[in-house]
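Below: the structure, in structure tokens.
The values are calculated or read from the model by the stated rules, or taken from the named source; none is laboratory data. Just so we're clear, the structure is a prediction, and the values are computed from it rather than from any experiment. Cβ placement follows ideal geometry from the backbone for every residue including glycine, while neighbour counts extend to all protein chains displayed. Just so you know, the surface numbers come from the protein's heavy atoms only, side chains and all, with ligands and any DNA or RNA stripped out. Shrake-Rupley method; radii C 1.70, N 1.55, O 1.52, S 1.80 Å.
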Amino acid sequence: MQTRTALVTGSSSGIGLACAHRLAASGMNIMLHGLEDDAFGKGLCEQFSEYPGRCAYFQADLSDVQQLEALVSQTLTHFGGLDVLVNNAGIQFTAPTEAFPPEKWDQIIAINLSAAFHTSRLCLPHFQQQGFGRIINIASVHGLVASIHKAAYCAAKHGLIGFTKVVALENAAAGITANCICPGWVDTPLLNDQIAAIAAENNSTAEQAKHDLVVAKQAYPDLIKPDAIGDMVVFLCSDAACAINGAAMPIDGAWSAQ
Ligand code: NAD
């Protein structure tokens, strides 16, 4: 069987990096991506030398559509094809709605929502032509339910789930699936600011603040490991998952069950 190729946005850190490792371990070529420079990317690729497939890194700010277009075209040129698109890059900012900085709103919508539209519109013609494709969007439990102070993030993640359903419907007969994964609290640097804010407010240690953050929402009383998301991504790429389409799958420690 021909080696498949996956592009994972925001794979220089956290969930994206874990997804890239799990996909590479399953035998795929991987295009890594992040905001960091090529020297960082070279070091990152070295981590992937143990896997059977090829690996490359591309730096691009996904709020800039030209840079995003370059990422997709470079992936297609470098690997000669693309089979799996994981839209994972994302940022967070918290503030009450009336105090939410408009530029932060625009940035979150651009990176957490619009970037997935742009990468999808660029990859879909290729997927349609080959009769196979997997689009996996890393949404959030905040695509299913809301929390205070997360207006832009919740809007972007709810929007991402709606967008994914449309792509699934439009392409279901073409061997293409589009799904969202909706994680709860995952152990990544994205949570650092929120943990630091709780520690400052409660005058507690980072460990205590992490625990407080988790149990306020999740029934599972621990941070979720990034590999748990990576393993679901690998499953969604498998033939067994060909009829899982347009879904928003929680991996959220029963947060959204409440
Ligand atoms: P992270 O901060 O560890 O990684 C974010 C990645 O996105 C990095 O690779 C970074 O370079 C990239 N990125 C940020 N801004 C970018 C930009 N302008 N252009 C291109 N790339 C950019 O965060 P993470 O926790 O691994 O988050 C990954 C995804 O998972 C996000 O979409 C996030 O919303 C989602 N998520 C995270 C959690 C969690 O608890 N950590 C929970 C639910 C959903």
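General observations
- Count - residues of segment 177-232 that are under 18 Å from the mean Cα position of the chain (by Cα) and not small (Gly, Ala, Ser): 22
- Verdict on Cys123 being open to solvent by 10 Å² or more (accessible area, probe 1.4 Å) and either at pLDDT 95 or above or not basic (Lys, Arg) (or both): no
- Some residue of segment 157-180 being more than 14 Å from Phe117 (Cα to Cα), within 14 Å of the ligand (Cβ to nearest atom) and open to solvent by less than 30 Å² (accessible area, probe 1.4 Å): no
- For segment 14-38, filtering for residues that are open to solvent by 50 Å² or more (accessible area, probe 1.4 Å), out of contact with any Asp or Glu (no Cβ under 9 Å at 6 or more places or on another chain) and within 15 Å of the ligand (Cβ to nearest atom) leaves 3.
- Within segment 120-151, the set of residues being assigned to a helix (DSSP H, G or I) and away from the ligand (no atom under 11 Å from the Cβ) comprises Ser120, Arg121, Leu122, Cys123, Leu124, Pro125, His126, Phe127, Gln128, Gln129, Gln130, Ala151.
- Residues that are open to solvent by 40 Å² or more (accessible area, probe 1.4 Å) and within 11 Å of the ligand (Cβ to nearest atom), drawn from segment 101-112: Gln107
Every residue, every condition in (1) in a loop (DSSP other than H, G, I, E, B); (2) open to solvent by 60 Å² or more (accessible area, probe 1.4 Å); (3) in the same structural domain as Met31 (by TED's automatic domain parsing); (4) of a type outside the set (A, V, I, L, M), yes or no:
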position: Cys45; (1), (2), (3), (4): no, no, yes, yes
position: Tyr51; (1), (2), (3), (4): yes, no, yes, yes
position: Phe58; (1), (2), (3), (4): no, no, yes, yes
position: Leu62; (1), (2), (3), (4): yes, no, yes, no
position: Leu68; (1), (2), (3), (4): no, no, yes, no
position: Gln74; (1), (2), (3), (4): no, yes, yes, yes
position: His78; (1), (2), (3), (4): no, yes, yes, yes
position: Gly81; (1), (2), (3), (4): yes, no, yes, yes
position: Gly90; (1), (2), (3), (4): yes, no, yes, yes
